[in-house]
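What follows draws every value from the coordinates through simple rules; no lab data is involved. Quantities reported herein were computed from a predicted structural model and do not represent experimental measurements. No Cβ is skipped: glycine too gets one built from the backbone with ideal geometry, and neighbour counts run over all protein chains shown.
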Amino acid sequence: MATQRQSEKDRVVIFDTTLRDGEQCPGATMTHEEKLEVAELLDDMGVDIIEAGFPIASEGDFAAVQEIAKRSKNAVICGLSRAAFKDIDRCAEAIKPAKRHRIHTFLSTSPVHMKYKLQKEPHEVYEMVIAQVTRARNHTDDVEWSSEDGTRTEFDFLCRCVEAAINAGATTINIPDTVGYSTPEEYFNLFKMVRERVPNSDRARFSTHCHNDLGMAVANSLSGVMAGARQIECTVNGIGERAGNAALEEIVMAIRTRNDKFPFVTGIDATMLTRASKLVSAATSFPVQYNKAIVGRNAFAHESGIHQDGMLKNAQTYEIMTPESVGVKQTSLVMGKHSGRHAFVHKLEELGYQLAGNQLEDAFVRFKALADRKKQIYDEDIEALVDEEIATAHDRSKVLSLTVIAGTQGPQSATLTLDIEGKHATTQAFGNGPVDATFKAIHALVPHEAKLELYQVHAVTEGTDAQAEVSVRLSENGRSVTARGADPDTLVASAKAYLGALNKLTSRRNKMPAIERRIHSTDAG
């Protein structure tokens, strides 16, 4: 474990880009309120720098970054900008309210990016590096410059650009593995080479930013730190473009658990990792894979008889860290229809949730209803129930009742009643199967042009009375959103998921005119 004796040179700064790179993940768009909630938790758990968004992308992004800047307590609030002066100026305006703020500006430096993406010669790119950093430095003393596609950039040119950026005022230099192509050994050697060859490298902090296309984002990030980098850019649950980014929770726990190999320290309160994971998963409707390291449902689960026997004798036989260290309680309450509100709240806290007011009351009512229908309530049942409650708290339309007639004699029919902004509406629809009939009923009550891209069902727990969890992805005008619904009745869960996705599309459509839609082509790493 890290000790108090470790000096500042052993401190690894955690730069979280969940709200920027993470949100660029297709279908992971968050609402304004969700962004504020995630940012507040990141600040509370000790994240050093929060990259709150890309202000020039839309009015919505600008407003979110500015509001996060106003509410920040301890973290540096960072905004992303391209090399264009209007991007940099817009970014500066958005982050200005923060107690501490940073402009993160980037430019492609690899041959393939310069030729095909920028369509510029190396000497033009070099001059742009100086200009963009100088412009950013006029707004703030804290400027980060990134060499996009740095791991595929020619060494000589990379060193020239890094030296120029530092001379122009950059205080942090990020060398990203933009396409997740590098290996740990290559990434280590790259940082070692740049830091040794660039004469003014001691005047800047170096940063890693690794994508997970080959599954090596965390390993590469830690290799960069071993080579002298002292900032790691990462996301909660590893979400992000394509295969995602280095996972914050894996970085933090690798350093804590193997401090003998990674003799560094972070400022992260690791007991909040599970809570952060669940919040981001609920906000984005992106489920965390069961066997995900640190925060996955099975990370501290043991089914094998051999493993169970070892765990009963000594937990260290099969666990290299304790559940408590990442915010998971070992003590388990048996939940059922006789459980009271106090026990329910305690169980929520064990699982990493904090609900209050109407959200808590609604979740408790739904829990009691579920307990009347199921003999045994598992932790996974409560997680699915609460995740849905969080995701649908601000929905304009909700399912009130659904009756489906199905069987061998078609056509199948669905009678559906929705609560649409406080008013009840009912319709009956026929379809080629019960799911088709249900979705057609929703379409009749909530007309839309969205296309169904994904419909997926899985059981939350074992048994014939298990809750069904349904994932639905809808697309409209080039944007995709994903939502989940859970219920012991698969068709009810399907209706909830489909309607949840429609609510997300409606929310985004109302808040952002077409001209202000998010710019998808931006990526600093």
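Brief remarks on what is shown
- In a simple Cβ point-charge model (Lys, Arg +1; Asp, Glu -1; nothing else charged), the chain has a dipole of about 560 debye relative to its Cα centre.
- Across the range 184-200, rounded Karplus estimates of 3J(HN,Hα) from the backbone phi angles (6.51 cos²θ - 1.76 cosθ + 1.60, θ = phi - 60°) give x, 5, 5, 5, 4, 5, 5, 5, 4, 4, 5, 5, 7, 8, 7, x, 9 Hz, Gly and Pro being marked x.
- Axis of helix 490-511 versus longest Cα principal axis of the chain: the two differ by about 50°, to the nearest ten degrees.
- Within the range 1-121: Cβ-based charge dipole about Cα centre, in debye rounded to nearest 20 (Lys, Arg +1; Asp, Glu -1): 560 debye
- The long axis of helix 122-137 is offset from the longest Cα principal axis of the chain by roughly 70 degrees.
- Rounded to the nearest 20 debye, dipole of the range 9-284 from Cβ charges on Lys, Arg, Asp, Glu: 500 debye
- Base-10 log of normalised Debye intensity for the range 9-284 (one unit scatterer per alpha-carbon) at q = 0.11 Å⁻¹: -0.55
- Each Lys or Arg adds one and each Asp or Glu subtracts one; over the other residues with Cβ under 12 Å from the Cβ of Ala254, this totals 0.
- Summary: within the chain, the longest segment free of GluC sites (Glu not before Pro) located in DSSP loops with at most 16 other C-beta atoms within 10 Å is 1-153.
- Rg ratio for the chain: its Cα radius of gyration over 2.2 N^0.38 Å, N being its residue count, equals 1.03.
- Percent of beta bridges antiparallel (DSSP, the chain, rounded to nearest 5): 50 percent
- When Thr274, Thr171 are sorted by how many other C-beta atoms sit within 10 angstrom of their C-beta, beginning with the fewest, the order is Thr171, Thr274.
- Between helix 85-95 and the chain: long-axis angle, C-alpha atoms, 0 to 90°, nearest 10: 60 degrees
- Measuring between their Cα centroids, the range 455-500 and the range 12-85 lie 28 Å from each other.
- Ordered by the count of other Cβ atoms within 10 Å of each Cβ, fewest first, Leu360, Leu248 give Leu360, Leu248.
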